[in-house]
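Here's the structure, in structure tokens; my notes come after.
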Amino acid sequence: MSTTATHAHDDHHDHAPKGIWRWLNSTNHKDIGTMYLWFSVLSALVGGGLSFLIRLELGEPGIQVFNVVGEMMGSEAKQFYNVTVTAHALLMVFFVVMPALIGGFGNWMVPMMIGAPDMAFPRMNNISFWLMPPALILLVLSAFMGKGAGTGWTLYPPLSGLAGQPDMSVDFAILSLHLAGASSILGATNFITTILNMRAPGMTMHKAPLFVWATLITAVLLLLAMPVLAGALTMLLFDRNFGTAFFDPAGGGDPILWQHLFWFFGHPEVYIMILPAFGIVSHIVSTFSRKPVFGYLGMAYAMASIGIVGFIVWAHHMYTVGMGVNYRAYFVAVTMAIAVPTGIKIFSWIATMWGGSISFKTPMVWSIGFIFLFTVGGVTGVVLANAGMDIVMHDTYYVVAHFHYVLSLGAIFAIFAAFYYWFDKMTGKVYPEWAGQLHFWTTFVGVNVLFFPQHFLGLAGMPRRYIDYPDIFAEWNMVSTWGAYITMASTVFFLIVTLFVMIGGRKSVANPWGDGATTLEWTVDSPAPFHTFEDTPDFTGGNPAAHPAE
Amino acid sequence: MTRISAFCAGWVLTIVSASSAWAQELPTPSFPVPWQLNMQTPASPVAEQLVEFHNFLLVICTVISLVVLALLLWCAIRYNEKANPVPSKNAHNTLLEIAWTAIPVIILVVIAVPSYRLLFYMDRIEDPELTVKVVGSQWYWTYEFPDHDISFDSLPLQDNEINVEAGQHRLLEVDTPLILPTDTDIRILFTATDVLHAWTIPAFGVKLDSVPGRTNETWTRITIPGKYYGQCSELCGINHSFMPIVVHAVSPEEFEAWRASEMAANHNTPDDANRFAALIQE
């Protein structure tokens, strides 16, 4: 319960409940946000540790690491490798990025940014969070039940069916995702209601901060996509346990049906992970350039159009399943179209910096890193959008490189940017600038050394989800693993410094970033008091958080 | 009697020539080199176009990334707080916003034109000269020539069976490779018996999933004789990393000889047995 230590000093501002019940029964958006963030850190330690194991194994040809690890886990090396790949992906998607961006920063900042005292449904907020730990436990169990769920996070049948995994492991993974999905649906309804109904007087949607826009769109995507996953998972559960044959050709079903249902959820899911990051980066770039966001409305509607188009591009994950050529042609067109609103965002961020007076504080360098690396991940996305070209890249390391550039170097960079940006606000402490800068530069070098060579491996033909590879791929894999060492060292450094700062850091002020920070959370004390905005701020005469000198 | 001896002589001859065709060390025109940066050497018209198209995309990608990088660096140099202490308040420029919406659209259209041409070209062919069926199973491939009653399994070689001196590669060799003719329009059909698999030869620009209960179709036309490698490209369980694909591309004449010998050796199929029995009786 290190969270208690973090927030102990809140107590004398307000009358926060004491002890364990403060957290178990919490209806406070800040406490719940804090729990989501700690939960995300815990999952990241496991999920990141698993990815480090994968890189260690792939550092040289042959099977060396998983012989030992598999035996320790009472499993066979090759099966445990598949289990590791599966658990890494599921952890990072459902238990690291989503809880951090939506549950963590969303809960913490959205009510404050719109001048609301809390979320619309505080008790539902509590159950949203407390569904996540059981989901995590079920996921961890799925790795150890029977042979462990080694199906990949996409859970493609028949491998995820009784034919491929006859033991209970996949059932545990299904139940885990059901709980995480229920949590997301509850959280999404809460955010939608809060944002639509609880904005301060005068704050029309067209005046709402972009992170609020991003969270609203993300919540809508969650609300529409998660039930589809839930339906598909239930069908798979029935196939496995109750003799149905939705995905079994022997009973008149079709394994490809699963892929359509999964990716109808799965593609909006990747935007669910990146849209809040877009919102965060907009705020940080504006704050540290001391300029309002360039083309605010264009930014908001670019996110909305990415969200909408995100629902009609799903089958670009399935170019090799044998779809008719006209379907593939359609998915090429709509997928490439997404590059347009994404381009608008990239250029608008640069235009926000243009003419600004930029200070390169830690959150800003993470955001600039995000903009560049997301661009690199974006252009390889355009390459993959071409159904013909994708034949060469599909299921190779090129795809692995692409989605780690947009998620690991995109979403995770935005999470770090947000962490440094709001660290003062959440903890009341000052994060030492040198440590944040060192963390950024080491991570930046590490992840690029890690993921850039994977483009080369993929182009040369190395398939993904392989525990061992032909010796010809040894060189770039070795380089990639060096990158993992650098990244891991950087992360350990970050964890140690953060621990020290949280215990003994200097006290911060309400607004450490100066007149560029114009959203409402900077008008309250740091750390933010237990209750904020019990008197609603008034936007009818303009933004009360904007600085009069401007 | 003369017919029988002629048959036998021909049979022996084809066996010898055929076995030599795939026992000899074939060149590996597309094998990657250490530190390889780009795609494998193409060995089919489709793969040639894919390489060309990728190099075109690579230029566009590099230029876009470098432009974004240059703009960011320029902002960092020109608009840092020392160089520019007073920020401008400009947050709108309609012309600029139209430009960065329209220009990407134009770039995408420029990409889409060759992309669609390639997509429809590589889909399938009307009149194949040869059909081969690929069946994926945990964890090996089965090849069938449905028009010639030829069918065999292609099992992976273990590490201790690999002959490195003979130019064999760990994790890539099989006991019986698939023999295909060069300069022939080949239709390839795919299916699977248990879970999903994906068959690929990167040098041919071919990759398609093997799905139980479905038959998928694509085509290729091999331009360079030699030995080609691929690996299963859809997660299929514990030995997913260990079900390689090997194709020996030989001249149409050598292929014809191999095909005849395989058919003759395939006594167990009723068709062949009947034909053989008919020959004996004469």
Point to revise | Residues of the stretch B:9-40 satisfying the condition of being modelled with pLDDT of 90 or more and either over 26 Å from the mean Cα position of the chain (by Cα) or of a type in the set (Ser, Thr, Tyr) (or both) | key: B:Thr28, B:Ser30
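Here are some residues: B:Thr223, B:Thr218. Which one is under 12 Å from the mean Cα position of the chain (by Cα) and of a type in the set (S, T, N, Q)?
Values: B:Thr223 fails: under 12 Å from the mean Cα position of the chain (by Cα).
The match here is B:Thr218.
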Review point. So which of A:Val376, A:Val406 is facing another protein chain (nearest Cβ under 8 Å), modelled with pLDDT of 95 or more and surrounded by 22 or more Cβ atoms within 10 Å (Cβ to Cβ)?
Key: A:Val376
Exercise for review: Give the residues of the stretch A:499-534 that are outside any loop (DSSP other than H, G, I, E, B) and crowded, with 20+ Cβ neighbours inside 10 Å, sorted by residue number.
Suggested key: A:Gly516, A:Leu520, A:Glu521, A:Trp522
Exercise for review: Inspect all residues belonging to the stretch B:200-210 and state whether any of them is modelled with pLDDT of 95 or more, within 17 Å of B:Ile245 (Cβ to Cβ) and assigned to a loop (DSSP other than H, G, I, E, B).
Suggested key: yes
**Study point:** Residue that is nearest to A:Thr352 (Cα to Cα), among those in the stretch B:96-143 that are within 8 Å of chain A (Cβ to nearest Cβ) and of a type in the set (Asp, Glu)
**Key:** B:Glu97
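In this structure, does A:Gly541 turn out to be in contact (Cβ under 8 Å) with a residue 12 or more places away in the chain and either in a loop (DSSP other than H, G, I, E, B) or farther than 30 Å from A:Leu56 by Cβ (or both)?
Spelling it out, A:Gly541 is indeed in contact (Cβ under 8 Å) with a residue 12 or more places away in the chain and either in a loop (DSSP other than H, G, I, E, B) or farther than 30 Å from A:Leu56 by Cβ (or both).
A quick yes/no check of all residues on (1) of a type in the set (Val, Ile, Thr); (2) away from chain B (no Cβ under 14 Å); (3) more than 19 Å from A:Leu520 (Cβ to Cβ); (4) surrounded by 23 or more Cβ atoms within 10 Å (Cβ to Cβ):
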| position | (1), (2), (3), (4) |
| --- | --- |
| A:Arg199 | no, yes, no, no |
| A:Leu216 | no, yes, no, yes |
| A:Leu261 | no, yes, yes, no |
| A:Val270 | yes, yes, yes, no |
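Here is a yes/no grid of residues against (1) closer than 24 Å to A:Ala100 by Cβ; (2) charged (D, E, K, R):
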site	(1), (2)
A:Met393	no, no
A:Phe413	yes, no
A:Lys429	yes, yes
A:Phe444	yes, no
A:Pro453	no, no
A:Ala460	no, no
A:Asp468	no, yes
A:Phe473	no, no
Check your understanding: Could we say that A:Thr194 is over 18 Å from the mean Cα position of the chain (by Cα) and within 30 Å of A:Thr536 (Cα to Cα) here?
Key -> yes
Study note, to complete from the structure: Going through (1) touching a Pro at 6+ places or on another chain (Cβ under 9 Å); (2) surrounded by fewer than 17 Cβ atoms within 10 Å (Cβ to Cβ) one by one, B:Val164 fails only at (1)
**Study point:** Filter pass, A:Gly150 being touching a Lys or Arg at 6+ places or on another chain (Cβ under 9 Å), under 21 Å from A:Ser75 (Cβ atoms) and not charged (D, E, K, R)
**Key:** yes
Review point. Do you know which of the residues in the stretch B:144-161 that are more than 20 Å from A:Asp468 (Cβ to Cβ) and surrounded by fewer than 18 Cβ atoms within 10 Å (Cβ to Cβ) is farthest from the other protein chains (Cβ to nearest Cβ)?
Key: B:Asp149
Review point. Any chance the stretch A:241-251 includes a residue that's surrounded by fewer than 20 Cβ atoms within 10 Å (Cβ to Cβ) and on the phi > 0 side of the Ramachandran plot?
Key: yes
Check your understanding: Just for helices (runs of 4 or more DSSP H) wholly inside the stretch A:49-127: which have at least 1 residues that are among the aromatic types (Phe, Trp, Tyr) and more than 14 Å from chain B (Cβ to nearest Cβ)?
Key -> A:107-113
Review point. Can you name the residue in the stretch A:310-363 that is under 30 Å from A:Lys291 (Cα atoms) and aromatic (Phe, Trp, Tyr) and is also nearest to the other protein chains (Cβ to nearest Cβ) among such residues?
Key: A:Phe347
Check your understanding: For the stretch A:497-514, does any single residue satisfy the condition of being closer than 28 Å to A:Phe444 by Cβ, among the hydrophobic types (A, V, I, L, M, F, W, C) and touching a Leu at 6+ places or on another chain (Cβ under 9 Å)?
Key -> yes
Practice item. Please state which one of B:Leu69, B:Leu73 is within 25 Å of A:Pro292 (Cα to Cα), more than 9 Å from chain A (Cβ to nearest Cβ) and either aliphatic (A, V, I, L, M) or assigned to a helix (DSSP H, G or I) (or both). Key: B:Leu73
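The values are calculated or read from the model by the stated rules, or taken from the named source; none is laboratory data. Please read all numbers here as calculations on a predicted model, not as lab measurements. Using ideal geometry, Cβ is built from the backbone for each residue, glycine included, and neighbour counts are taken over all protein chains shown.
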